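Data first, discussion second: the structure below is written as structure tokens.
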Ligand code: SAM
């Protein structure tokens with residue numbers, strides 16, 4: 001029986017045994033609250049038929065809770081120093097695979113395919129009938145992670161933009177980042193990142209995690225975000241590139257009205273912007289932070305190259 005890692009004294013003991021100090025530059029804040037770890041794993045809604053990708057397992061805290069769901073777990077850790085630790089802490093779980101590498105560089109589809117292949121072979125003794133009848137042998141996977149804060153947004157956007165068969169994303173991020181990602185139009189938190197997240201997923205804050213639940217404690221509280229991947233986009237856009245260019249231009253000078261900010265869409269002049277806003281039926285005195293996803297989509301649909 002493995003000891004539960006998500007405890008302050010166990011984590012401290014592991015770090016000491018391996019002569020390790022958390023590396024701040026890699027966003028290493030380890031969870032030391034068992035109930036929080038279990039709640040995150042539960043929020044991922046995993047079954048033994050699932051494949052789950054964990055980013056940054058650290059010393060294996062969340063990995064262990066994921067392993068106990070019976071799902072096939074693949075955890076990608078950048079810090080080479082942590083690989084021997086993970087072999088010790090979670091190496092005994094047959095359903096866990098550790099990959100050393102940078103999540104922004106490893107070949108995610110290949111890693112997932114390998115895990116799925118293993119899952120099939122392992123199931124050959126018991127679950128073969130179920131697998132072959134195709135009950136749940138799809139290529140989809142879930143992500144569950146306590147993300148390194150210095151690259152939270154790049155990681156999430158990278159996963160979403162790659163169009164991977166990702167069905168559910170459960171990630172711990174800084175509370176203010178979670179608030180921005182889930183914000184609706186009209187408030188200060190609403191920005192390009194809210195639009196992007198809500199275009200690809202249905203993001204919701206599941207619960208807040210206090211800074212004291214980590215070792216070392218970060219300066220701010222965190223939140224667990226649950227993002228259900230949309231099967232179809234919520235709005236009709238001509239092409240995503242144009243849509244995201246419009247969003248970026250509109251928010252490029254946040255405090256300015258659309259009359260002005262939209263000039264940044266390929267260097268348009270005032271008249272061209274006015275004609276465009278007329279076509280879209282949107283008042284140029286409004287600011288980007290008041291526009292709904294549908295209004296951004298309308299702007300993308302009515303944009304014409306000049
Ligand atoms: N999962 C552990 C936990 O909950 O206690 C650790 C989470 S810690 C916030 C983030 C982890 O991500 C660290 O172990 C760090 O080394 C790792 N990491 C940082 N950058 C990474 C990257 N680009 N790719 C993969 N892992 C990374």
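Here are some notes:
- If you go through segment 178-192 and keep only what is farther than 16 Å from residue 295 by Cα, in a helix (DSSP H, G or I) and touching a helix residue (DSSP H, G or I) at 6+ places or on another chain (Cβ under 6 Å), you end up with 180, 181.
- In segment 232-244, the residues that are outside any loop (DSSP other than H, G, I, E, B) and under 12 Å from residue 195 (Cβ atoms): 240, 243, 244
- Every residue from segment 288-306 that is within 15 Å of residue 259 (Cβ to Cβ) and surrounded by fewer than 18 Cβ atoms within 10 Å (Cβ to Cβ): 290
- In segment 54-71, residue farthest from residue 12 (Cα to Cα) [restricted to those that are within 6 Å of the ligand (Cβ to nearest atom) and assigned to a loop (DSSP other than H, G, I, E, B)]: 56
- Residue match in segment 252-262 (condition: part of a helix (DSSP H, G or I), touching a residue at least 60 places away in the same chain (Cβ under 8 Å) and over 18 Å from residue 193 (Cα atoms)): no
- Selected residue [more than 23 Å from the chain's Cα centre (by Cα), modelled with pLDDT of 95 or more and within 11 Å of the ligand (Cβ to nearest atom)] from 106, 85: 85
- Answer residue from segment 29-53, given it is free of Cβ contacts under 8 Å to residues at least 40 places away in the same chain and within 14 Å of the ligand (Cβ to nearest atom) and is surrounded by the fewest Cβ atoms within 10 Å (Cβ to Cβ) among those: 35
- From the options 121, 140, 152, 125, residue that is within 12 Å of the ligand (Cβ to nearest atom) and either modelled with pLDDT under 95 or surrounded by 15 or more Cβ atoms within 10 Å (Cβ to Cβ) (or both): 152
Residue-wise test of (1) more than 27 Å from residue 58 (Cβ to Cβ); (2) more than 12 Å from the chain's Cα centre (by Cα); (3) free of Cβ contacts under 8 Å to residues at least 40 places away in the same chain; (4) part of a strand (DSSP E or B).
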| site | (1), (2), (3), (4) |
| --- | --- |
| 169 | no, no, no, yes |
| 173 | no, no, no, yes |
| 198 | yes, yes, no, no |
| 205 | no, yes, yes, yes |
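- Scanning segment 263-286 for residues that are surrounded by fewer than 17 Cβ atoms within 10 Å (Cβ to Cβ) and not in a helix (DSSP H, G or I) returns 266, 267, 269, 281, 283, 285, 286.
The values are calculated or read from the model by the stated rules, or taken from the named source; none is laboratory data. Nothing here was measured: the structure is a model prediction, and the numbers come from that model. Cβ sites come from the backbone with ideal geometry, for glycine too, and all protein chains shown count toward neighbours.
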